[in-house]
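The values are calculated or read from the model by the stated rules, or taken from the named source; none is laboratory data. Here the structure is a predicted model, which means the values were calculated and not measured. When we count neighbours, we look across all protein chains shown, and the Cβ atoms used for this are built from the backbone with ideal geometry, even at glycine.
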Amino acid sequence: MTHASNQIRQMQKRQARGAIRRGFTLLEIIVVVTIIALLATLIAPKLLSRIGQARGAVAKAEVNEIAKQLHLYLLDNNMSKAPEGLELAVLTTGASPYLKAKDLIDPWGREYILLVPGEANPTDFDIVSLGADGQPGGEGENADVVNE
């Protein structure tokens with residue numbers, strides 16, 4: 001046998017051994033999982049707070065849109081102001097409704113509230129979402145959202 005053929009065989013053996021050991025060790029997997037867990041721990045709270053802020057922004061836009069549609073309803077029905085006892089559901093009825101029933105649900109899954117006369121708008125009406133907690137008042141994501 002020649003020296004070259006011995007070298008080729010040794011190289012083939014090394015390659016065969018390398019092909020067998022292509023997986024990850026348990027330690028490598030534990031390190032990667034730990035790093036992913038740390039990143040998730042740092043990033044998740046920021047993402048969750050953004051979701052709360054986004055819901056608040058959506059609620060703000062929706063209460064203002066509902067208020068516009070209610071003003072149109074009042075004009076179309078020759079009313080100068082909303083009568084006490086009026087319900088938002090009137091906007092979803094008739095031949096050409098002003099809104100769909102799903103438009104009267106806030107981002108937290110509760111119905112918007114109509115207050116006549118309003119607290120924030122005493123000469124008019126308030127469209128209110130009670131925020132994430134569903135209770136009057138609150139701060140941040142739990143704050144009430146009222147039309148302007």
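Brief remarks on what is shown
- GLY131 being in a loop (DSSP other than H, G, I, E, B) and surrounded by fewer than 11 Cβ atoms within 10 Å (Cβ to Cβ): no
- Some residue of region 119-127 being under 13 Å from VAL145 (Cα atoms), modelled with pLDDT of 90 or more and of a type outside the set (Ser, Thr, Tyr): yes
- The residue pairs whose first member lies in region 75-98 and is touching a residue at least 24 places away in the same chain (Cβ under 8 Å), whose second member is among the polar types (S, T, N, Q), and whose beta carbons are closer than 6 Å, counting only pairs six or more residues apart or on different chains, are LEU91/GLN69; TYR98/GLN69.
- Subset tally (residues that are over 17 Å from VAL58 (Cβ atoms) and either without any contact (Cβ under 8 Å) to a residue 12 or more places away in the chain or in a loop (DSSP other than H, G, I, E, B) (or both)) for region 102-128: 10
- Flag for LEU70 being assigned to a strand (DSSP E or B) and either under 15 Å from ASN147 (Cα atoms) or without any contact (Cβ under 8 Å) to a residue 60 or more places away in the chain (or both): no
- Selection from region 24-35 of residues that are surrounded by 10 or more Cβ atoms within 10 Å (Cβ to Cβ) and of a type in the set (Val, Ile, Thr): ILE29, ILE30, VAL31, VAL32, VAL33, THR34, ILE35
- Residue check for THR34: at pLDDT 85 or above, of a type outside the set (A, V, I, L, M, F, W, C) and more than 30 Å from GLY138 (Cβ to Cβ): yes
- The one condition in (1) surrounded by 11 or more Cβ atoms within 10 Å (Cβ to Cβ); (2) modelled with pLDDT under 90 that GLU148 fails to fulfil: (1)
- Every condition in (1) in a helix (DSSP H, G or I); (2) of a type outside the set (S, T, N, Q); (3) in contact with a helix residue (DSSP H, G or I) (Cβ under 9 Å, 6 or more places away or on another chain) is met by LEU86 except one, and the failing one is (1).
- Within the option set GLU84, GLU141, being at pLDDT below 90, acidic (Asp, Glu) and over 26 Å from the mean Cα position of the chain (by Cα) holds for one residue only, GLU84.
- Enumeration of residues in region 88-106 that are within 16 Å of the chain's Cα centre (by Cα) and surrounded by 19 or more Cβ atoms within 10 Å (Cβ to Cβ): ASP106
- Annotation: PHE24 fulfils all but one of (1) under 24 Å from the mean Cα position of the chain (by Cα); (2) modelled with pLDDT under 90; the unmet one is (1).
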